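Data block below; observations after.
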Amino acid sequence: MNPSSAVAGQRPAPRAPRAGRTRKRGPAPPAPVAVEPAREAGPLTRWWLARLPASDTWTLGQRNVYILPSRSGMAFAGLLLVMLLASINYQLNLGYVLTFLVAGAAGVSMHMTHATLRGLTLRVRPPAPGFAGDPARIEIVVTSPGRARHAVVVRLHDRAGGVDGAAAIDVPAQGQASATLALLPARRGWHAVPPVVVETAFPFGLFRAWSVWRPAARVLAWPRPEQPAPPLPAAQPLTGEHQAARLAGGSELEGVRAWRRGDTLRQIVWKKVARSGELVSRETASSGGRELWLEWSAAQGADAEARLARLAAWVESAERAGLRYGLRLPGQELPPAHGDAQRREALERLALFAG
């Protein structure tokens, strides 16, 4: 009984170190691989990127194109070493020929990979503004002054934080090709375009050539409109001076406004109703006399960002309805008007509001 109990008591003993070794295997690899290098490489990478000149045009040459063997190239170099050792060991003359022939082809491919990028010119087109949270399209135009270039990859350097985008293109001889990337601005305001990486592994994938470019362009993100869109505030009557100015304008008096009870069928603009699905009426001398003001004080919200989201929703609703509207923010005022220019100006003021 004692030996059996001793044996039984000894069985849990080896299990404890096994469990300990299992626990050590779990957390040990992530610590040095995932956490430490990220903290060490971050400041160095930011310092290096800050030293790059900001420009909307970037020409690739000997000074800014880098090349290193890829993983496939390192494996291929190991294979060449094995072939060389086997040829030496067995005194294979044909083995020497094959080894040096393949090594020469690899050396030529290195020059071809570097030459694929050398001489290219990259240019970024001004990005169009959009709402925060929606992908902003960044178009990169690549120009080849000479021969055709194949398998050129253009991507954003930073793929974290909502940034995504990569495009593979072939640039024709003495022509251009466009690569469209996507940037996801999380907040309103100006956003710098992240550094762009242009790279290639053409023709055999044994070497990787790349260059890093820091564009000077910026993307403007408008406040994201509140969803669902709240109803528009009530229009205010025009003062005597404004009413006289509109009457003197003649054609300026004609416009559209939101449908109100009592409007006749002739006053309804049926074309706009068919496009937008909202009832709007034609504004005449008898129906004029009121204007829509989108005011900061009328936009009730928990904080400034909520108010800006509501004002952005009102701007979109007023523009869809074809109304003349103005914008009043603390310290600034946008006179009433309508059209795409008025919409962009109002949304830009909301995006850059710092109050």
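Heavy atoms only, 1.4 Å probe, whole protein assembly: order Asp170, Asp56 by accessible area, highest first.
Asp170, Asp56
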At R0 = 30 Å, FRET efficiency that the Cβ-Cβ distance of Asp56 and Ala274 yields, to 0.05: 0.10
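Can you check what the net charge comes to around Ser178, using other residues whose Cβ is under 12 Å from the Cβ of Ser178 (Lys, Arg +1; Asp, Glu -1)?
Neighbour charge sum, excluding Ser178 itself: +1.
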message: What distance in nm separates the two pseudo spin-label positions at Met112 and Ile88, each 7 Å out from Cα along the beta-carbon direction?
response: 2.9 nm
- request: Would you check the accessible area of Trp210, probe 1.4 Å, heavy atoms only, in square angstrom rounded to 10?
  value: 50 Å²
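Please report the carbon-and-sulfur percent of the accessible area for the stretch 74-210; probe 1.4 Å, protein heavy atoms only, DNA, RNA and ligands left out. Mind dumping the intermediate values first?
Working: 4600 of 7070 Å².
Here carbon and sulfur together make up 65 percent of the probe-accessible area.
The values are calculated or read from the model by the stated rules, or taken from the named source; none is laboratory data. All of these numbers come straight from a predicted model, not from anything done at the bench. Reconstructed Cβ throughout: ideal geometry from the backbone, glycine too, with neighbour counts over all protein chains shown. Heavy atoms of the whole protein, side chains included, go into the accessibility calculation; ligands, DNA and RNA do not. Shrake-Rupley method; radii C 1.70, N 1.55, O 1.52, S 1.80 Å.
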